[in-house]
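Undergrad: Have a look at this one before I ask anything.
The values are calculated or read from the model by the stated rules, or taken from the named source; none is laboratory data. The structure displayed is predicted, hence computed values, not measured ones. Don't worry about glycine lacking a Cβ; one is built from the backbone with ideal geometry, like all the others, and counts go over all protein chains shown. Accessible surface is based on the protein model in full, side chains and every heavy atom, while ligands, DNA and RNA are left aside. Shrake-Rupley method; radii C 1.70, N 1.55, O 1.52, S 1.80 Å.
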Amino acid sequence: MTINKNQSLTRKYKRKPTKVRPVGFQPEIVLFNKPFDVLCQFTDDQNRKTLKDFIAVKDVYAAGRLDRDSEGLLLLTNDGKLQHKLANPSQKTDKTYWAQVEGAATEADIAPLRAGVELKDGLTKPAKVDIMAEPNIWPRIPAIRERAAIPTTWLKITIQEGKNRQVRRMTAHIGFPTLRLIRYSIGQWTLEGINNGEYKRINHG
């Protein structure tokens with residue numbers, strides 16, 4: 001069979017079909033204050049605590065992840081575009097963490113984080129880092145192991161990347177291991193008004 005030039009051009013420039021949202025689709029956001037020792041998934045074959053134990057909302061999925069041993073803000077949504085935007089480092093969404101580190105960190109100690117530090121998987125981008133007062137937050141269960149002779153410092157750290165366990169590795173790199181890590185905000189959304197283990201639903205769009 002002979003294919004003429006016009007047919008060839010038609011095939012070459014044929015557009016991929018775009019996904020059409022179903023009629024009545026309502027974009028939704030769930031802001032969850034994740035407790036320590038909870039997996040960022042709805043199922044687990046080892047009977048560990050998951051999102052299913054806390055969130056009674058169907059068809060929402062996490063935009064990014066939060067480690068099992070970290071706490072704080074997890075954003076879930078049924079909006080695939082928003083999910084991709086928040087989880088994609090190229091979109092440069094600010095994520096702010098409160099990190100309780102071992103030791104009395106000074107401005108000089110945290111300065112390297114503002115410039116970027118070399119980790120095993122590459123150089124981190126400059127972070128916004130400040131020493132902060134201890135926040136008024138829920139107790140962690142179980143509590144962290146503090147040593148009486150060694151003080152701790154709270155740091156407010158804002159990054160746009162998503163390297164594996166990045167904040168913990170950054171503080172360890174400068175000699176201040178993270179004892180407790182809480183994500184306070186993702187973009188415009190924060191933990192404000194959400195108790196640990198609870199969630200808030202938001203319609204958007």
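Undergrad: Could you list, in sequence order, the residues of the range 62-81 that are over 23 Å from Ile144 (Cα atoms) and surrounded by fewer than 15 Cβ atoms within 10 Å (Cβ to Cβ)? Steps first, please.
TA: Taking the range 62-81 as the starting set, the residues that turn out to be over 23 Å from Ile144 (Cα atoms) are 62-64, 75-81.
Across the range 62-81, the qualifying residues are Gly80, Lys81.
Undergrad: Of the numbered conditions (1) farther than 30 Å from Tyr61 by Cβ; (2) more than 18 Å from the chain's Cα centre (by Cα); (3) in a loop (DSSP other than H, G, I, E, B); (4) at pLDDT 95 or above, Ile150 fails exactly one; give the number of that condition.
TA: (4)
Undergrad: Can you name every residue in the range 22-73 that is assigned to a strand (DSSP E or B) and under 14 Å from the mean Cα position of the chain (by Cα)? Before the answer, list the steps.
TA: So in the range 22-73, the residues assigned to a strand (DSSP E or B) come out as 28-34, 61-62, 71-73.
Val30, Leu31, Phe32, Asn33, Lys34, Tyr61, Ala62, Glu71, Gly72, Leu73 - these are the residues of the range 22-73 that are assigned to a strand (DSSP E or B) and under 14 Å from the mean Cα position of the chain (by Cα).
Undergrad: Among what's in the range 153-195 and is in a loop (DSSP other than H, G, I, E, B) and crowded, with 19+ Cβ neighbours inside 10 Å, pick the residue that is farthest from the chain's Cα centre (by Cα). First the steps, then the outcome.
TA: Of all residues in the range 153-195, those in a loop (DSSP other than H, G, I, E, B) come to 160-165, 174-177, 187-188, 191-195.
Pick out the ones that are also crowded, with 19+ Cβ neighbours inside 10 Å and you get 176, 191.
Working: Phe176: 21, Leu191: 12 Å.
Among those residues, the one meeting the criterion is Phe176.
Undergrad: Let me ask another. So which residues in the range 53-65 are under 24 Å from Lys85 (Cα atoms) and at pLDDT 95 or above, if there are any at all?
TA: The answer is Ile55, and nothing else.
Undergrad: Which residues, taken from the range 97-110, are touching a strand residue (DSSP E or B) at 6+ places or on another chain (Cβ under 6 Å) and outside any loop (DSSP other than H, G, I, E, B)?
TA: Tyr97, Trp98, Ala99, Gln100, Val101, Glu102, Ile110
Undergrad: Using beta carbons and a limit of 9 Å, which pairs, at least six apart or on different chains, have the first residue in the range 41-64 and at positive phi and the second one open to solvent by less than 30 Å² (accessible area, probe 1.4 Å)?
TA: Asp59/Glu28; Gly64/Cys40; Gly64/Leu74; Gly64/Leu75; Gly64/Leu86; Gly64/Thr93; Gly64/Lys95; Gly64/Ile186
Undergrad: Condition first: touching a strand residue (DSSP E or B) at 6+ places or on another chain (Cβ under 9 Å), modelled with pLDDT of 95 or more, surrounded by 13 or more Cβ atoms within 10 Å (Cβ to Cβ) and at negative phi. Can you find one or more residues in the range 82-96 that meet it?
TA: Checked against the condition, which is being touching a strand residue (DSSP E or B) at 6+ places or on another chain (Cβ under 9 Å), modelled with pLDDT of 95 or more, surrounded by 13 or more Cβ atoms within 10 Å (Cβ to Cβ) and at negative phi, the range 82-96 yields at least one hit.
Undergrad: Mind checking whether some residue in the range 161-175 is touching a Phe, Trp or Tyr at 6+ places or on another chain (Cβ under 8 Å), at pLDDT 95 or above and more than 28 Å from Lys120 (Cα to Cα)?
TA: Our first condition is that a residue be touching a Phe, Trp or Tyr at 6+ places or on another chain (Cβ under 8 Å); within the range 161-175, this holds for 167.
Checking the rest, the ones that are also at pLDDT 95 or above come to 167.
Pick out the ones that are also more than 28 Å from Lys120 (Cα to Cα) and you get none.
No, the conditions are met nowhere in the range 161-175.
Undergrad: Identify the single condition in (1) closer than 30 Å to Ile174 by Cβ; (2) touching a residue at least 60 places away in the same chain (Cβ under 8 Å) that Ile29 does not satisfy, given that it satisfies every other one.
TA: (1)
Conditions (1) modelled with pLDDT of 55 or more; (2) in contact with a Lys or Arg (Cβ under 6 Å, 6 or more places away or on another chain); (3) acidic (Asp, Glu), marked per residue:
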| residue | (1), (2), (3) |
| --- | --- |
| Asn4 | yes, no, no |
| Leu31 | yes, yes, no |
| Lys34 | yes, no, no |
| Gln41 | yes, no, no |
| Asp44 | yes, no, yes |
| Lys49 | yes, no, no |
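Undergrad: Can you tell me which residue among Pro139, Pro135 is within 21 Å of the chain's Cα centre (by Cα), under 19 Å from Lys34 (Cβ atoms) and open to solvent by less than 60 Å² (accessible area, probe 1.4 Å)? Even if it seems obvious, please write down each step before you answer.
TA: Numbers: Pro139 fails: open to solvent by less than 60 Å² (accessible area, probe 1.4 Å).
After applying the criteria, what remains is Pro135.
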